[in-house]
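Quick notes on the structure that follows.
Just so it is clear, none of the values below were taken in a lab; they were calculated from the coordinates. Remember, predicted model here, so these are calculated numbers, not experimental data. Don't worry about glycine lacking a Cβ; one is built from the backbone with ideal geometry, like all the others, and counts go over all protein chains shown.
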Amino acid sequence: MSTVLELTDVVKTFPGVRALDGVHLEVRAGEVHCLLGQNGAGKSTLIKVLAGVHRADSGTLLWQGEPFAPASPQAAMRAGIATIYQELDLVDDLSVAENVFLGHEPSRAGFTRRRTAAAATRTIMASLGHPEIPPGRLIKDLPAAGKQIVSMARALSHDARLIVMDEPSAVLAHDEVGNLFRIIRELTGNGIAVVYISHRLAEIREIGDRVTVLKDGRTTAAGLPADTPTRELVGKMTGRPFEYDFPPRAGADPDTAPLLVVDGLSRAGEFAGVSLTVRPGEIVGIAGLVGSGRSELLETIYGGRRADTGTVTLDGRRITSVGTAVARGMGMAPEERKSQALLLDEPVFKNMTLASFTGFATVGFTGARDERAAARRTAEELDLRPRDVERPVRTLSGGNQQKVVVGRWLLGHTRLLLLDEPTRGVDVGARAELYRVIHDLAAGGVGVLLVSSEVPEVLGLSDRVLVMREGRVIREAPAGELDEDAVLDLVMAGSLMEGEAA
Amino acid sequence: MTAGTALAKPHRFDENVLRNLGLVGVLVILVLVGIITRPELYSDPAWVKNNIFVILQQASAIGVVTVGMTFVIIGGGIDLSVGAIIALAGVWSTTLATQSYGAVGMIFTALVVGIAVGLVNGVLIAYGKLVPFIATLAMLVAARGLAAQISGKQTQVSANDTINSIASTKVLGIPTLVWILAAVVVAGWVLLNRTTFGRRTVAVGGNPEAARLAGINVKRHTLLLYMLSGLCCGIAAIMLTSQATSAQAAMANLYELDAIAAAIIGGTLLSGGRGTIVGALFGVLVFSTITNLFAINNLASEVQNMVKGGIIVAAVLLQQFRYRSLTNLLRRRNDRDNP
């Protein structure tokens with residue numbers, strides 16, 4: 001196979017930061033080349049250099065043998081490099097066809113040729129194996145998986161020879177990932193090269209041909225075979241060998257009275273008849289796909305949504321609103337850190353005390369000095385990096401942002417912590433630290449109710465596991481009695497996506 | 001990591017100080033233009049002192065409104081009805097019936113009317129889920145209509161000497177109106193920077209969902225912000241009534257635009273979550289100094305409005321430029337401190 005893209009010693013500095021510090025990457029036609037690295041390793045910057053958003057300061061880029069320096073995203077697109085970003089850059093209120101041809105609409109004398117665009121879109125959709133997505137459908141009416149297909153169709157509409165995919169599986173449920181892989185295989189079968197970025201090693205094994213590892217803006221391993229042992233890959237990423245480590249825990253005393261009691265909770269169209277308990281010091285995990293109602297359930301328990309029927313009680317007292325939940329000692333780290341949990345421009349300490357600053361205040365006047373001191377202690381406890389509590393949260397990596405959110409609830413008198421996808425977008429090193437923090441919390445008597453799409457995480461962290469599907473709890477068992485395959489089988493049987501995709 | 005960096009001032013602080021210094025620079029330039037164009041006036045110290053008071057008095061009522069507006073904008077909203085609220089509060093407090101209750105009755109009426117209209121705005125926006133722009137636009141029209149109805153489109157003269165003397169008296173050599181502005185600005189600064197109310201305002205405007213999930217009652221706080229703005233309008237209504245010794249339905253015309261512009265020039269982010277009271281005050285002072293500059297040169301007010309528009313655009317452009325270069329600078333320094 002011929003080399004289509006070759007990067008040698010690429011450097012990109014931003015004021016004060018060497019984001020890329022000697023990157024080597026060689027991508028061949030028709031291969032899936034995986035890019036691996038922790039948060040902050042330079043993956044995003046590298047993508048933006050390829051996509052024409054940033055220009056490299058030095059080093060050579062060869063695209064199909066020619067020196068290449070795209071001046072704009074349009075230039076990169078024209079050259080045949082398409083990028084599918086993690087946060088899909090589609091316009092919600094435009095149709096599928098309008099999005100596919102956004103910026104290069106077929107037109108005659110300034111008038112768009114809608115029928116041509118629709119027909120071309122239909123052809124592309126069919127080639128992607130999704131003829132059922134109508135060109136006229138609005139993007140906002142599509143599920144996440146459908147949006148991704150549209151992004152891919154847009155790449156193909158440019159006749160891309162290289163498609164960069166930034167964590168494409170992050171927004172997908174398990175069965176949709178299978179479909180994504182099928183499409184990727186078809187693309188590579190046609191000689192298109194794919195650069196695939198993911199935190200999930202299992203995916204890289206399944207879809208990848210070769211792997212390039214980045215650490216601190218440098219290539220630490222180029223073009224390794226995708227079946228390189230985990231230990232070696234993680235070693236290249238972190239500079240130290242690592243594997244998921246869930247230390248054994250004592251677990252909660254089964255005789256203690258439950259802290260949280262959820263009884264027959266239902267919300268139309270989201271979940272129905274959910275009953276569960278969490279004891280002090282117990283970690284209860286909920287496994288389920290995106291769309292199984294798990295996030296909605298968590299938010300309803302927290303008082304953020306009104307239940308149609310059923311009750312939530314903490315220590316025998318009813319929870320009816322977020323206000324009462326927080327006042328009685330509940331805390332939640334929501335699924336979408338940036339949009340649901342953080343004030344990105346505010347300093348770390350104000351984010352950490354967002355739920356407890358009234359407790360530091362005297363007759364309405366804030367106690368910023370005490371807040372800073374408390375936040376500094378929490379930052380120490382969580383090994384927040386950098387340790388600076390004045391720094392705006394925006395400047396922290398995903399893992400450290402998550403620590404700030406968790407730290408918020410360490411600061412209060414939290415007795416029950418709800419965690420929704422606590423390690424999404426968090427790199428391996430920070431993951432291990434978050435696991436430790438969760439264990440420490442439970443050891444200190446805090447009850448934890450956690451939701452995650454990663455089954456090993458749910459099984460490894462929890463004492464007890466509930467499996468959810470289509471809004472119902474279909475299995476409840478001690479974590480020790482379940483294995484990954486059994487849970488996946490339960491979760492997958494009957495998909496919410498049926499009817500949407502073929 | 002040393003204790004020194006951990007104790008360093010928040011980065012925002014540096015940015016705000018720089019912006020305010022920029023506004024002070026603009027004020028200095030405006031004064032210099034005044035000196036160059038009318039040197040004979042500026043050679044008289046008594047005139048200069050008096051002129052400063054003129055500028056400050058001119059800034060007083062709009063300054064009070066801008067403090068309230070700044071809170072609303074930081075909290076993620078906008079209040080287009082401030083001018084109309086002033087007119088309604090002014091007219092209501094100068095009806096013959098109200099005037100019969102004396103100065104206290106008039107002040108009480110103006111404040112209550114202001115807060116009540118703010119309450120209606122707040123309920124519509126927070127609980128009725130109306131977009132702030134629409135709700136307060138509707139209030140702008142409706143409140144002025146009610147003011148015209150109450151006054152019968154007549155100018156209502158204030159016969160109350162206590163009210164009328166507010167604008168004409170001085171305390172410790174400084175006009176009373178300027179003291180009122182100073183008190184509102186100081187109170188606003190403390191409220192924003194040193195109280196839980198201020199912290200909630202920033203949180204609600206910066207990320208309402210995060211604030212809600214942290215247990216903050218976003219709706220109630222939004223309601224309170226519009227009531228605060230209404231209160232400021234009530235205060236401003238008294239100040240303007242005192243200055244004119246009368247009130248009418250057309251008073252405080254376009255105050256909403258001046259207040260929003262002053263807040264924005266002062267560094268308040270229109271999308272919410274960020275802003276300063278001191279910056280807003282400087283924004284107001286820049287505007288009233290321009291007005292003064294045109295007045296002492298006997299120039300037409302049409303030109304003045306064009307200059308104002310230009311200043312708004314220039315200030316925002318300058319801020320964007322400075323903000324970018326400044327964040328780069330801060331990042332560099334950060335990386336030096338935290339290698």
*Using modelled amide H (1.01 Å from N, peptide plane; none on Pro or chain starts), what sits under 5 Å from the amide H of A:R475, excluding residues fewer than 5 places away?*
A:V467
*Cα→Cβ-extended label distance, 7 Å offset, between B:T95 and A:D485, nm*: 8.3 nm
*From the backbone phi of the stretch A:77-91, what are the Karplus-calculated ³J(HN,Hα) couplings (6.51 cos²θ - 1.76 cosθ + 1.60, θ = phi - 60°) in whole Hz, Gly and Pro given as x?*
4, 4, 6, x, 10, 10, 10, 10, 7, 4, 8, 4, 9, 9, 8
*Starting from the Cα-Cα distance between A:D57 and A:T3, subtract it from 0.36 nm times their residue separation and give me the gain in nm to one decimal.*
17.1 nm
*From the backbone phi of the stretch B:212-217, what are the Karplus-calculated ³J(HN,Hα) couplings (6.51 cos²θ - 1.76 cosθ + 1.60, θ = phi - 60°) in whole Hz, Gly and Pro given as x?*
4, 6, 8, x, 7, 7
*asked:* What's the longest uninterrupted piece of chain A once you rule out the GluC sites (Glu not before Pro) that are loop residues per DSSP with at most 13 other Cβ within 10 Å?
replied: A:244-502
*What residues from the stretch A:82-111 fall in the zone where the backbone N is under 14 Å from a label point 7 Å along the Cα-to-C-beta line of A:A144?*
A:86-88
_A:T362/A:R318 FRET efficiency (R0 35 Å; Cβ-Cβ; nearest 0.05)_ = 0.70
*When the convex hull of the C-alpha atoms of the stretch B:20-330 is computed, what volume per residue in Å³ does it have?*
146 Å³
*Tally Lys/Arg at +1 and Asp/Glu at -1 over every other residue whose Cβ is under 12 Å from the Cβ of A:R318; what's the total?*
0
*Counting other C-beta atoms within 10 Å, which of A:I283, B:I312, B:I86, A:I149 has the fewest, and how do the rest follow?*
B:I312, A:I149, A:I283, B:I86
_Could you give the length gained by full extension between A:E381 and A:R113, i.e. 0.36 nm per residue of separation minus their alpha carbon distance, to one decimal place?_
90.5 nm
*Over all distinct Cα pairs, what is the inverse of the mean 1/r for the stretch B:107-158, reported as the Kirkwood hydrodynamic radius in Å?*
12.1 Å
*Could you list which residues have their amide H under 5 Å from that of A:T220, counting only those 5 or more apart in sequence or on another chain, with H placed in the peptide plane?*
A:V213, A:L214, A:K215
*Would you calculate the separation in nanometres between label points at B:A182 and B:E209, each defined as 7 Å from the Cα along the Cα-to-beta-carbon direction?*
4.6 nm
*Using the number of other C-beta atoms within 10 angstrom as an exposure proxy, rank A:R78, A:R210 with the fewest first.*
A:R78, A:R210
*Starting from 0 in steps of 10 Å, tell me what percent of the Cα-Cα pairs of the stretch A:75-162 lands in each bin.*
18, 53, 27, 1
*Assuming R0 = 41 Å, can you tell me the calculated FRET efficiency for the pair B:Y127 and B:W47, based on Cβ-Cβ distance, to the nearest 0.05?*
0.15
*Whole-angstrom Cα spans of the protein assembly as shown along principal axes, big to small*: 89, 71, 60
*Taking N as the number of residues in chain A, what value does Rg over Cα atoms divided by 2.2 N^0.38 Å take?*
1.03
*So if R0 is 25 Å, what FRET efficiency would A:N190 and A:E132 give, r being the distance between their Cβ atoms, rounded to the nearest 0.05?*
0.70
_Under 11 Å, Cβ to Cβ, from A:R55 - net charge with Lys/Arg +1 and Asp/Glu -1_ = +1
*Short version: ³J(HN,Hα) in whole Hz for each residue of the stretch A:402-416, in order, from phi by Karplus 6.51 cos²θ - 1.76 cosθ + 1.60 (θ = phi - 60°), x for Gly and Pro, what are they?*
5, 4, 5, 5, 5, x, 3, 8, 5, 6, x, 9, 5, 10, 9
*Which whole-number percentage describes the relative contact order of chain A, with Cα contacts under 8 Å and a sequence gap of 6 or more?*
15 percent
*When B:Y101, A:Y435 are ordered from fewest to most other Cβ atoms inside 10 Å of their Cβ, what list results?*
B:Y101, A:Y435
*In terms of Cα to Cα distance under 24 Å, which lysines are near enough to A:K48, apart from those fewer than 8 places away along the same chain?*
A:K12, A:K147, A:K215, A:K236, A:K338
*asked:* At 7 Å along Cα-to-Cβ for each site, give me the label-to-label distance between B:T195 and A:D253 in nm.
replied: 4.6 nm
